[in-house]
1. Within segment 126-145, work out how many residues are surrounded by 13 or more Cβ atoms within 10 Å (Cβ to Cβ), more than 19 Å from residue 36 (Cα to Cα) and modelled with pLDDT of 65 or more.
2. Being part of a helix (DSSP H, G or I), at pLDDT below 80 and over 24 Å from residue 35 (Cα atoms) is the requirement here; does residue 110 meet it?
3. Kindly provide the set of residues from segment 25-76 that are in a helix (DSSP H, G or I), surrounded by fewer than 16 Cβ atoms within 10 Å (Cβ to Cβ) and in contact with a helix residue (DSSP H, G or I) (Cβ under 7 Å, 6 or more places away or on another chain), ordered by number.
4. Give me a count of the residues in segment 77-90 that are free of Cβ contacts under 8 Å to residues at least 40 places away in the same chain and assigned to a helix (DSSP H, G or I).
5. Out of curiosity, is residue 17 in contact with a helix residue (DSSP H, G or I) (Cβ under 9 Å, 6 or more places away or on another chain), at pLDDT below 90 and closer than 22 Å to residue 127 by Cβ?
């Protein structure tokens with residue numbers, strides 16, 4: 001069975017539209033993680049130090065960098081522990097949120113329609129309010145299905 005991470009259809013970056021490649025959920029979560037980390041005025045090293053002090057677990061800057069670039073997925077436990085340090089909830093990460101609400105959601109036509117709409121969005125033009133609305137819509141669709 002395919003996982004949600006096999007569906008690279010969530011958000012499309014304008015630069016990637018040229019090459020006709022869509023972003024994966026790992027990349028979306030990575031972009032958001034980096035954006036929110038930078039907004040909280042933490043560099044890679046300072047955030048990793050904060051993460052270790054807060055959780056007792058080591059998170060290497062090189063590993064976090066690869067996760068933020070979408071080269072490797074951000075593990076659920078890292079999102080769960082790091083989100084509060086970023087002033088967010090784990091559910092604010094679309095990949096995490098969808099992964100926790102699978103697999104039945106992908107068969108819902110309303111959910112698939114919402115995903116198709118999200119695939120048309122140009123990521124670099126989104127505002128903070130847009131991200132909040134996307135998350136709100138995803139929550140609403142999942143709650144209606146439940």
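1. Step one: of segment 126-145, the residues surrounded by 13 or more Cβ atoms within 10 Å (Cβ to Cβ) are 126, 131, 134-135, 137-139, 141-142, 145.
Remaining after also requiring more than 19 Å from residue 36 (Cα to Cα): 137-139, 141-142, 145.
Filter once more, keeping what is modelled with pLDDT of 65 or more: 137-139.
Qualifying residue count for the region: 3.
2. On the way: part of a helix (DSSP H, G or I): yes; at pLDDT below 80: yes; over 24 Å from residue 35 (Cα atoms): yes.
Spelling it out, residue 110 is indeed part of a helix (DSSP H, G or I), at pLDDT below 80 and over 24 Å from residue 35 (Cα atoms).
3. Passing the criteria: 45, 54, 55, 61, 65, 76.
4. Going through segment 77-90, the residues free of Cβ contacts under 8 Å to residues at least 40 places away in the same chain turn out to be 77-78, 80-81, 83-84, 89-90.
Now drop any that are not assigned to a helix (DSSP H, G or I), which leaves 77-78, 80-81, 83-84, 90.
The total comes to 7.
5. Judged against the criteria, residue 17 is not a match.
The values are calculated or read from the model by the stated rules, or taken from the named source; none is laboratory data. Not measured: the values here are computed from a predicted model. Note: ideal-geometry Cβ built from the backbone for every residue, glycine included; neighbour counts use all protein chains shown.
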